[in-house]
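The values are calculated or read from the model by the stated rules, or taken from the named source; none is laboratory data. Computed from a predicted structure; not experimentally measured. Every residue, glycine as well, gets a Cβ built from its backbone with ideal geometry; the counts of neighbours run over all protein chains shown.
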Amino acid sequence: MWGRKRSPALDYKKKNRRKRVRTVAQAAILVAVGYLVYDSLGYGDKFNEPDRAKWTSDKGFIAVSYFGVSRSGTPKLIAKSQLEEQLKALKAQGYVTISQQDVIDYYKSGKKLPDKALFLSFEDGRNDSAIFAEPYLQRYNYKATFLSYADKMGNGERKFLQPKDMKKMTRTGYWELGSNGYRLSYINVVDSEGNFIGNKAENELRNKKKIDYYNHYLVDFIRDSDMIPTENRQEMEARIAYDYDQMNKIYTDKLGFVPGVYMIMHANALNEGMNPLVSAANERNIEKIFQMDFDREGDALNTKAGSLYDLTRVQPQAYWYTNHLLMRIRDDTGEPMKFVTGEKDRANDWTLVNGAAEFRGNRIALTSEAGGTGLLTLKGGESYKDIRLDASLEGNVVGKQALYVRYDSESGSYVRLTLDNNRLILEQKKPGGTTERLFSEELDPVEWEDLDLALNKATTYSKERISSVDLTEETQYPINVKKTRRVSVSIQGSKLSVRVNGRAIIEDESIDSSIARGTVAMESEYHKQGDNDDIYDGVFDDVRVKALPENGEEGDVLYENRLNGTEKALAGAKSAWNSTVDWFIKTF
C-alpha cells in the first residue's frame, strides 16, 4: 500500500511553528521571572519604620535565619509557602523585626527593644531567597538581613545575587546586608575509604555520601593525613587573615562598605572545640571589620548577658513545619506560644495530649515537645476492639513515628507500632505493667540522593577519632531524608498483623488478652541523631480506621481523614501545575 510522501516544506513549517511556540513560552516565563526580580529587588513599597520610642523591653531578642528559599522547596531550601506560613505565625505571636543598628544599640547603649523582638536573616546569597521572601517582608512589614559570600560577587554565577541588586534591595528599607564569609570551602577532608583528600571547595565535593571527615576553611589548622598540622601559627594566622582581607576588599570595592553582620561558617565552632589559637585569629579579624557575629546556631534567644560577637540564631530546616519553629522558640524563650491548628473541623476529631498538631487536608503533622513527644488520641474510640488502622507515614526517616491501637489512657495499656530510623518495632503494655517488645526488624534500605545531603559533621578530628568512630554518611541516614511508608495494622481478638507498603511484615502476632480495647493514637519523637534539634515532626496522611467483624471481613469506616473526590482532583491539579512551573524554571 502506497503512503503519501510528506512535503519537506511542510516539515519545515511545522518545525518553525514548534520553535515559535517554544520561544513564546520561554519569553513569557522570562517576563514573569523578570517581573518577580523587578518587584523584589528594590522597586516595591517602602518599609514602615517602627516607633522605637514605644519600645520598653530589656529581655533580648530571637534570631531566625533561613539558609535559602525556593518556589516549591528542596531538601535544603524552604518552600516559599512554608516561609509565608512561618512569617505569618511569627507576626501573629506579636514579633516585630529589629535592625542591625537596634542590636548594636541594645548591647552598646542599653536601648530598649520591642517586647517580642525578631532579627530575621537569609543566608548564602541566593537570588531566589530575595525574590521569594520580598513579598512577605512587604506583607508583614518585616526587615531582614541578606547574607552573601564575597567570592560570589561579580563571578557570573546566576543563582547568586550581585552587588547592583543588593544595593537596590536596601533602598526599600526591607533589607540590610551581611556576610557568610569570603568562600565556602573545606579542609582536612577524608573520604569514606579512609583516603585523605585535603582541601576542597564546595563545588568540588562531587559525592558527599563518600565524605567522612572535614572541617571548614577558617576554623582549624590545615592538617595532613595523620591530622598533624602542616602549618605553624604564623602561617595559619596569615591564611585566615587573607580571607578576611579579601572580604574587606571585595565588599568595599563592590558595595562601597563592609556589611555589619557576619555569620561564620561553620556555626558553633568558635571557642567550642576549635583550637584556641585559631579562635583567637578569627576573633581579631572579625572584630576588626564586622560590627557583630552570629557564631552559634541552635538556640534562638539572645539576651543582655550575651555579646555582639557571640550571638546565636535558629536555622529552620526545609522539613520543619510551622509548629516546629514555634516549639523551638517556645523552648528557647520560655514564652507562651499560639500553635497553628489548621482545619479546626478535622482537629476536633482528636485530643492533643502532648506537642502541637496541624491539620491540613489529608495530612496531620504532629510536632513533638522539645526533648519529648507529641501525642494525639482519637475521640470516641475508647471502646474500639477489632479494627484495621491504615496510615501513610511521611515524616523524615530519622525520628520516631508511632501508631497505637487499643490505647487506654486510664489503665495505661496499649499496643504500639513504631517506625524508628527505618526500624519497625512492635510493643505492648499491659494494664499497670511495663512496655514489652514483641518484634523488631529493619525495613528495606531507604534510597536517597547525594543532593539531599547537607554536610553537618564539621569539627576538629584527631587521628584516634578517625580510627575509632565511623561517621560515614552511608551508614546512617541524613536527618533531612524523607520516605513514605504505608502502614496497615489489623488487630482482631488476640492476634495482630502488620503490612508496610503492601508487604506482610508481621502476621498473627499474639497480643496479651488483658489489652482488650481502646482508642487509636499517634505519636512523634525526635532521635538523638538530630544533634542540637530535639523536636520532630511526625507526618500522618490518609488515616483511616475500619471495624473488623468476627469473620474477618472489613466493616464500617469508623474514622477517615482522606480527601474526597473533588478535593483529591483539585490537589492533583495543583500538584501537576506546580511540577510544570518548576520544570519550566529549571529548564529555561
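Some points to look at:
- The strands (runs of 3 or more DSSP E) found wholly in the range 410-460 and carrying at least 2 residues that are modelled with pLDDT of 95 or more and over 17 Å from M522 (Cα atoms) occupy 435-442.
- Considered as a group, the residues in the range 508-531 that are among the polar types (S, T, N, Q) and either within 38 Å of the chain's Cα centre (by Cα) or outside any strand (DSSP E or B) (or both) include one that is surrounded by the most Cβ atoms within 10 Å (Cβ to Cβ), and that residue is S524.
- Test: residue in the range 90-110 that is at pLDDT 95 or above, assigned by TED's automatic domain parsing to the domain that holds T145 and touching a helix residue (DSSP H, G or I) at 6+ places or on another chain (Cβ under 7 Å): yes
- Selection of the range 349-384 for residues being polar (S, T, N, Q) and more than 25 Å from K91 (Cα to Cα) yields T351, N362, T373, T377, S383.
- Here the condition is being modelled with pLDDT of 95 or more and over 28 Å from S179 (Cα atoms); of T322, T341, it holds for T341 alone.
- Selection within the range 274-298 - closer than 23 Å to T145 by Cβ and touching a residue at least 60 places away in the same chain (Cβ under 8 Å): N282, F290, Q291, M292, F294, E297, G298
- Within the range 86-101, the residues that satisfy the criterion of being buried (at least 21 other Cβ atoms within 10 Å of the Cβ) and either assigned to a loop (DSSP other than H, G, I, E, B) or among the acidic types (D, E) (or both) are Y95, I98.
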